[in-house]
Amino acid sequence: MKVLVIEDNEELAQNITSYLTREGYICELATNYFQAIDKLKSFKYDCIALDILLPDGNGLDILTHIKSEKIDSGVLIISAKNSLDDKVNGLELGADDYLTKPFHLPELNARLKAIYRRKYLQGAYEIRFNEIYIHTDNMEVSVNGNMLDLTRKEYALLLYFLTNQNRVLTRQTIAEHLWGDYTDNLLNFDFVYQHVKNLRKKIVQADGKDYIETVYGLGYKLNTNK
């Protein structure tokens with residue numbers, strides 16, 4: 001999962017990003033309103049953890065921007081304010097959930113996962129696509145009952161393909177989704193080819209079909225019609 005954390009408290013922001021990174025997330029940070037808007041214009045995120053009180057603006061204005069620009073990201077509001085009005089306003093503006101500070105990081109993790117499941121997996125813990133099976137909670141993948149030994153990047157890549165079936169994904173889009181804004185300074189995205197190649201090879205070796213097609217000059221797509 002690729003997450004944008006919008007939080008101005010430096011200690012809390014670092015705690016959140018460090019924890020989520022250890023849990024296998026691609027995690028980016030914005031510490032104010034304008035950083036957040038800039039990142040939302042530049043990158044796509046599965047989920048956004050959004051603080052309401054920012055030094056240069058209101059998190060609810062960012063939420064309004066997300067909805068007006070039709071940015072397809074799940075939104076979890078995190079705020080020290082515990083009033084009913086804030087919760088109602090945030091949810092009415094389109095937030096998916098609300099978490100009040102202070103909170104435990106495992107609860108934040110659980111809520112982000114729940115938002116992801118509802119938004120992208122129809123609420124399910126499991127993904128089944130023909131002979132491919134994924135259990136998202138423990139990150140287990142099997143093909144025809146054969147367990148795959150995937151790296152975290154390969155697992156994230158397979159999940160990305162399965163949640164974007166029949167869509168052409170450019171190498172840049174894949175790189176940004178799996179490596180975040182680290183890719184800003186890269187001259188090319190040739191390394192994506194090797195990760196896709198390794199994933200396809202492991203699926204085929206487990207007696208699965210190679211559903212991932214190369215779209216020359218553009219990128220790759222998972223073809224469900226094979």
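The values are calculated or read from the model by the stated rules, or taken from the named source; none is laboratory data. None of the values given here were measured: they were computed from a predicted structure. Here the Cβ positions follow ideal geometry from the backbone for every residue, glycine too, while neighbour counts run over all protein chains shown. We work out accessible area using only protein heavy atoms, side chains counted, and drop any ligands, DNA or RNA first. Shrake-Rupley method; radii C 1.70, N 1.55, O 1.52, S 1.80 Å.
How large, in percent, is the carbon and sulfur part of the accessible surface of the chain at a probe radius of 1.4 Å?
Numbers: 5370 of 11480 Å².
Within the chain, the accessible surface is 47 percent carbon and sulfur.
Cross-link list LYS44/LYS202; LYS67/LYS197; LYS2/LYS202; LYS70/LYS201; LYS67/LYS226; LYS41/LYS87: which exceed 32 angstrom alpha carbon to alpha carbon? Working shown, then result.
Working: LYS44/LYS202 28 Å; LYS67/LYS197 36 Å; LYS2/LYS202 24 Å; LYS70/LYS201 36 Å; LYS67/LYS226 36 Å; LYS41/LYS87 26 Å.
Among LYS44/LYS202; LYS67/LYS197; LYS2/LYS202; LYS70/LYS201; LYS67/LYS226; LYS41/LYS87, the Cα-Cα distance tops 32 Å for LYS67/LYS197; LYS70/LYS201; LYS67/LYS226.
A crude spin-label estimate for the pair LYS70 and HIS135, with each label 7 Å from Cα along the Cβ direction, gives 3.9 nm. Note that the range 17-145 presents 49 Å² accessible area per residue, ligands and nucleic acids not counted, probe 1.4 Å. Taking Cα centre as origin and charging only the Cβ of basic (Lys, Arg, +1) and acidic (Asp, Glu, -1) residues, the dipole magnitude of the chain rounds to 960 debye. Along the range 216-226 the Karplus relation, 6.51 cos²θ - 1.76 cosθ + 1.60 evaluated at θ = phi - 60°, assigns HN-Hα couplings of 4, x, 10, x, 9, 8, 8, 8, 7, 8, 6 Hz to successive residues, with x for each Gly and Pro. Under a 5 Å amide H cut-off, with hydrogens placed 1.01 Å from N, ASP97 pairs with VAL75, ILE77 among residues at least 5 apart or on other chains.
Taken one residue at a time, the phi angles of the range 46-51 give Karplus couplings (6.51, -1.76, 1.60, θ = phi - 60°) of 6, 9, 10, 9, 10, 7 Hz. Gly and Pro are set to x.
Applying 1/(1 + (r/R0)^6) with R0 = 41 Å to the Cβ-Cβ distance of ASN58 and THR170 gives a FRET efficiency near 0.75.
Residues considered: PHE129, PHE189, PHE34. Largest GNM mean-square fluctuation over the chain, using C-alpha springs under 10 Å, is found at PHE129.
Order these peptides, 195-202, 156-163, by their mean beta-carbon neighbour count within 10 angstrom, highest first. Let's see the in-between values first.
Values: 195-202: 17.0, 156-163: 20.0.
Result, highest mean Cβ count within 10 Å first: 156-163, 195-202.
Within the listed set HIS135, HIS104, HIS177, the residue fluctuating most in the Gaussian network model of the chain (springs between alpha-carbon atoms under 10 angstrom) is HIS104.
Highest mean packing first, where packing is the average number of other Cβ atoms within 10 Å per residue, the peptides 66-73, 92-99 line up as 92-99, 66-73.
Rounded, prolate or oblate: pick one for the chain, where a ≥ b ≥ c are the square roots of the eigenvalues of its C-alpha gyration tensor, a/c under 1.5 means rounded, and failing that, prolate if a/b is larger than b/c, else oblate. Because a/c hits 1.5 or more and a/b exceeds b/c, the chain counts as prolate.
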